[in-house]
Amino acid sequence: MNSEELMKLDNQLCFAFYACSREITKLYRPLLAELGLTYTQYITLLSLWEQDNVSVKELGAKLLLDSGTLTPLLKKLESMGLLTRARDKSDERHLVVRLTEQGQQLREKASCVPLRLFEGTAVEPEELFALRKQVQSLMSKINEAT
């Protein structure tokens, strides 16, 4: 492929990821609206359902979100009654995030989201698993190089 072809938008890997990510997020929107959540709130809760009682720093690292994005997000989820933020008793410098009972109960309601996400599309679960594995491998290689 010559340099002119390489400079076309449709040949950019970053644009393919960006466009696909936007379309997938659109698929999430109506499902998450039923739960009263945004996509970013949803992934935050997914992380906390996996491992509760974590520091804000750990949560931000797992979600790849900086504190400028994470802090207002956590404040909003706290105002919704889904989690609490409190200073770690063993180290006051750390803020710890914990799910409330309401936040834990929301997990059951949200459990249908992954299954319903690609309903009505021609996407097969096996394709998704293979693609996720490839993307995770790519991310790992990029992280190793940087």
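The values are calculated or read from the model by the stated rules, or taken from the named source; none is laboratory data. Model, not experiment: these values are computed from the prediction. Backbone-built Cβ (ideal geometry, glycine too); neighbour counts: all protein chains shown.
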### Query
With respect to the numbered conditions (1) over 18 Å from THR40 (Cα atoms); (2) touching a helix residue (DSSP H, G or I) at 6+ places or on another chain (Cβ under 8 Å), which one is the sole condition not fulfilled by GLU119?
(2)
### Query
What pairs can you find where one residue is in the stretch 14-37 and on the phi < 0 side of the Ramachandran plot, the other is assigned to a helix (DSSP H, G or I) and of a type in the set (A, V, I, L, M, F, W, C), and their Cβ atoms are less than 6 Å apart, with a gap of 6+ or different chains?
PHE15/LEU9; LEU31/VAL113; LEU35/ALA110
### Query
Looking at the stretch 47-56, is at least one residue surrounded by fewer than 17 Cβ atoms within 10 Å (Cβ to Cβ) and either of a type in the set (Phe, Trp, Tyr) or touching a residue at least 60 places away in the same chain (Cβ under 8 Å) (or both)?
yes
### Message
Every residue in the stretch 1-30 that is touching a helix residue (DSSP H, G or I) at 6+ places or on another chain (Cβ under 9 Å), loosely packed, with under 12 Cβ neighbours inside 10 Å and in a loop (DSSP other than H, G, I, E, B), please.
### Response
MET1
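Select the helices (runs of 4 or more DSSP H) contained entirely in the stretch 31-146, then report the ones holding at least 3 residues which are modelled with pLDDT of 95 or more and β-branched (Val, Ile, Thr).
Here the list reads 39-50.
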